[in-house]
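Shown next, in structure tokens, is the structure this report addresses.
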Amino acid sequence: MTTPKDKPETKRLPMMPIRDVVIFPHMMTPFVVGRESSVRALEEALAGDKKIFLATQHDASVDEPSPEEIFPVGTVASIVQSLKLPDGNIKVLVEGVERGKVVSVSGDEGYFRAVVRTFHFKVEQGPQLEALTTRVTTLFEQYVKLSQNLNYETMIAAIRVEDPGKLADTVGANLQLTLEEKQELLEIFDPVDRLTRVAEMLDIEIEKLNMDRTIQGRVKRQMERAQKEYYLNEKIKAIQKELGRGEKSEFDELKKKIDAAGMTADAKEKAIQELRRLENMPPMSAESTVSRNYLDWLLAVPWKKKTREIRDLKFAEQVLETDHYGLEKIKERILEFLAVRRLVKNPKGSILCFVGPPGVGKTSLGMSIAKATGRKFVRMSLGGVRDEAEIRGHRRTYIGALPGQVIQMMKKAGTRNPVFMLDEIDKMSMDFRGDPSSALLEVLDPEQNFMFVDHYLDVDYDLSQVFFIATANVLHTIPPALQDRMEVIRLSGYTELEKLEIAKRFLVNKQMLQTGLTSKDIEFADEGLQTLIQNYTREAGVRNLEREVGNLCRKVTRKMVSLNKKEGRGVKTVVNAATVPEMLGPLKFRDLQAARKNEIGATVGLAWTEVGGQIMTTETTTMDGRGKLTTTGKLGDVMQESAQAAMSYVRSRAHQFGLPRDFYRHLDIHVHVPEGAIPKDGPSAGITITTSICSALTRIPVRADVCMTGEITLRGKVLPIGGLKEKLLAAHRHGILEAILPKDNEKDLPDIPENIRREMKLNFVESMDEVLKIALERSIEDLALPAPGVEIASSLPVDENRPH
């Protein structure tokens with residue numbers, strides 16, 4: 001038991017913050033003083049009774065700590081010796097005297113001076129204290145024996161003290177504790193409590209030392225076992241050599257494979273060097289496994305093997321026509337490629353990029369190219385790839401390292417000249433692991449890819465004979481530098497006639513085969529397929545059409561099985577316009593023109609999306625107000641600016657439209673594009689929005705059988721747009737057979753399918769006046785006012801249906 005000996009004592013002493021060390025009472029500690037404030041505190045103490053208060057700072061990296069950044073409990077120490085060094089620092093040897101707690105600190109004199117309160121405790125001897133002292137002494141002796149850093153005789157002599165507080169401080173100062181743990185001990189003023197805490201810490205430290213010793217013993221045994229295995233393996237080699245069995249048979253076999261692989265000089269030199277290293281390694285070592293895997297990859301990659309290419313243009317054309325309907329431009333480009341290869345012995349590999357909406361046959365077209373040229377086909381999906389190592393591989397220093405997907409696909413192909421498809425190249429992304437699109441720059445550059453370096457192989461590999469084909473839905477997500485290395489070929493959506501032919505030639509037969517049906521069980525009439533195309537799918541490609549055909553086939557199969565007619569005997573099911581709704585349910589899509597009538601302020605526009613063209617209705621209404629223009633439908637910045645430009649154009653031509661000059665001061669105009677959850681943007685809706693606003697203001701309905709697309713200027717000029725083919729396909733798909741288009745897009749007519757040009761009436765215009773003449777039910781010229789600026793308030797057009 002302990003009790004305070006007398007009242008706490010208060011002293012005023014110079015205070016020095018110290019770093020990375022906790023000084024205990026009764027301990028001699030040397031350290032170097034260099035900070036100006038610390039030197040002043042030391043000089044003040046030396047000029048007096050040589051007493052100084054030492055307290056540890058929280059963060060050792062702080063050069064000038066504030067009192068709040070210093071622990072409040074420290075040690076009153078006596079300066080035993082000081083020596084000024086040549087560099088201006090002072091080396092000091094201090095001896096801890098007693099603990100102290102800071103009451104207050106002042107720093108007005110260029111150093112800290114602290115008022116320190118010290119405590120003295122009287123310890124009553126007893127059996128419990130004696131047992132605790134004995135336990136601490138025994139544990140410390142055990143700790144010293146296990147530790148390799150402490151001298152046994154010196155430490156045992158140091159702990160032969162009767163004072164429990166001094167024993168606790170001596171043991172605590174010599175334990176391998178963290179700074180925080182030593183500070184915790186220093187802040188325990190009661191000697192018995194401090195000794196109890198030291199006993200707990202000793203138990204933990206002894207357990208750590210025992211664990212370390214166990215681990216060291218285990219490692220030593222493993223090393224001895226490895227040395228033993230190496231010695232026995234060397235003996236076995238020597239015995240085999242004496243018996244004449246040739247211990248290098250495996251390495252000789254590898255050497256023969258290296259010689260026969262046809263590697264480049266650099267790769268062969270590296271392979272021979274790795275083989276020599278492998279010979280000198282213990283077979284059971286981890287490094288030998290890494291070296292062997294590396295050699296296996298070097299030998300597995302095709303260095304000289306090439307597929308004999310089919311250069312027969314007629315055969316290639318036949319294959320492409322058999323596998324795909326339409327796509328004339330792409331077929332023409334492939335045949336050009338084959339023609340060049342017939343005349344040039346070693347042409348560079350081509351790099352094509354097919355861009356188009358989903359389901360138009362980009363991936364299957366790559367497989368047809370491989371079939372037409374007689375090459376191997378490999379496909380690498382880049383969707384969601386965000387790690388550069390997927391392209392270039394990992395360096396061999398990493399555990400489990402492998403080559404990148406490019407080299408892995410070349411190994412899979414087994415030849416130097418496969419058709420290599422990079423699918424969904426627009427879906428790549430990047431993060432902290434690198435940018436895979438940048439790694440592809442070297443792969444897809446004919447001037448560089450003959451010396452492509454994979455991080456794992458670390459040798460040049462020739463990709464110049466590879467026919468690379470990339471596929472994408474959009475181009476804007478592909479970096480410009482990567483686009484520049486590829487020849488972009490656009491695949492537009494299919495027309496209804498093309499879809500019908502594709503379904504008859506490919507989709508029906510494929511789905512009948514997958515569902516076990518024959519021509520005796522089911523027959524698809526043309527009108528049935530047309531119903532599927534027009535009323536059950538709305539897409540640029542044919543993927544959903546194939547699903548619906550498969551759905552019909554499965555229903556017929558189920559009907560046959562339920563009637564126990566698995567062999568195909570029985571009544572044939574004919575799929576026509578009448579049976580399709582019975583089997584698939586109500587129509588999913590209907591002809592918009594059947595239910596549409598000419599309306600005021602409602603205009604049909606054309607839009608381009610990632611999945612092909614779409615029609616897009618724009619609505620405008622007017623109401624009493626103060627000239628506010630509101631746009632809704634989740635429109636992007638460019639589309640909102642088009643609406644502002646349209647409004648400015650209408651205001652500038654107000655007198656020609658029969659509107660008062662200040663009509664906008666009395667009206668609010670609301671422009672809305674339905675399907676408000678879908679983001680929309682782009683300038684091509686300019687003439688659509690302008691026509692809608694003009695119709696709403698003049699009360700002249702817009703023709704529902706006309707669609708339009710084009711950008712507008714403030715002066716009413718109509719500018720060209722992109723995606724014309726996809727937009728016209730969408731209009732034709734929805735039954736709208738007349739379109740208003742910019743005059744500058746007339747040059748794109750050769751790209752439009754012939755049946756579209758034949759069936760649709762295409763009006764090419766240069767100004768907004770021409771647009772309004774075609775789009776509105778009646779001429780707008782009859783509404784013109786006699787002179788601009790005449791105010792006729794009663795002539796303001798308003799919505800008759802609005803509330804009054």
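The values are calculated or read from the model by the stated rules, or taken from the named source; none is laboratory data. What you see is a predicted model, and the numbers here were worked out from it, not measured in a lab. Cβ sites come from the backbone with ideal geometry, for glycine too, and all protein chains shown count toward neighbours. Protein only, heavy atoms only, side chains kept; ligands, DNA and RNA dropped before computing areas. Shrake-Rupley method; radii C 1.70, N 1.55, O 1.52, S 1.80 Å.
A few remarks follow.
- Averaging the sequence gap over all C-alpha pairs within less than 8 Å and six or more residues apart, then dividing by the number of residues, gives the stretch 627-681 a relative contact order of 67 percent.
- Straight Cα distances below 16 angstrom link Lys499 to the aspartates and glutamates Glu321, Asp323, Glu328, Asp526, Glu527, Glu539, Glu546, Glu548, Glu726, Glu754, with same-chain residues fewer than 8 positions distant left out.
- Cβ-placed point charges (K, R +1; D, E -1), dipole of the chain about Cα centre in debye, nearest 20: 3360 debye
- Adding -39500 (n - 2.57) for every DSSP H run of four residues or longer, then dividing by how many residues the chain holds, sets the calculated 222 nm ellipticity at -12500 deg cm²/dmol.
- Accessible carbon and sulfur surface of the chain relative to its total accessible area, %, 1.4 Å: 50 percent
- Three-way shape call for the stretch 56-122 based on the alpha-carbon gyration tensor, with the a/c threshold at 1.5: oblate
- Checking the cross-link pairs Lys268/Lys305; Lys427/Lys588; Lys220/Lys270; Lys427/Lys761; Lys371/Lys572; Lys371/Lys747 against a 28 Å limit on the alpha carbon distance flags Lys427/Lys588; Lys220/Lys270; Lys427/Lys761; Lys371/Lys572; Lys371/Lys747 as lying beyond it.
- Over the stretch 213-347, the ratio between the Cα radius of gyration and 2.2 N^0.38 Å evaluates to 1.86.
- Part-to-part distance (alpha-carbon centres) for the stretch 643-678 and the stretch 41-87, which is given in Å: 81 Å
- Total charge dipole magnitude, the stretch 626-713, about the Cα centre, Cβ charges on Lys, Arg, Asp, Glu only, Debye to nearest 20: 420 debye
- About the Cα centre, charge dipole magnitude for the stretch 63-126 (Lys/Arg +1, Asp/Glu -1 at Cβ), debye: 360 debye
- Of the GluC sites (Glu not before Pro) found in the stretch 273-358, those that fall in a DSSP loop while having at most 15 other beta-carbon atoms within 10 Å are Glu309.
- DSSP bridge orientation in the chain - percent antiparallel, rounded to nearest 5: 60 percent
- Farthest towards the positive end of the charge dipole of the chain, among the residues Thr631, Val459, Trp608, is the Cα of Val459, using unit charges on the Cβ of Lys, Arg, Asp and Glu.
- At most 15 other Cβ within 10 Å, DSSP loop - trypsin sites (Lys or Arg not before Pro), the stretch 415-460: Arg433
- Among Met211, Val192, Gln222 the positive-end extreme of the charge dipole of the stretch 172-228 (Cβ point charges): Gln222
- Take the chain with all the other protein chains still there, run a 1.4 Å probe, and you get 52 Å² of accessible area per residue.
- Options Met15, Leu85, Thr133, ranked by Cα towards positive dipole end of the chain, top entry (Cβ charges): Thr133
- Considering only the stretch 609-700, percent of DSSP beta bridges that pair antiparallel, nearest 5: 60 percent
- Taking a ≥ b ≥ c as the square roots of the eigenvalues of the Cα gyration tensor, the chain is oblate, since a/c reaches 1.5 or more and a/b is not larger than b/c.
- Taking the stretch 243-367 and dividing mean pair separation by its residue count, relative contact order in percent (alpha carbons under 8 Å, at least six apart): 18 percent
- Percent RCO, i.e. relative contact order, over the chain, from Cα pairs under 8 Å lying at least 6 residues apart: 8 percent
- Annotation for the stretch 101-175: trypsin sites (Lys or Arg not before Pro) lying in DSSP loop with at most 16 further Cβ atoms inside 10 Å of their Cβ are Arg160.
- By definition, a body whose alpha carbon gyration tensor gives a ≥ b ≥ c is prolate when a/c is 1.5 or more and a/b is larger than b/c, and the stretch 6-129 fits this prolate description.
- Ordering 752-758, 461-467 by mean Cβ neighbour count within 10 Å, with the highest value first, yields 461-467, 752-758.
- P(r), alpha carbons of the stretch 359-471 - 10 Å bins starting at zero, rounded %: 15, 46, 33, 6, 0
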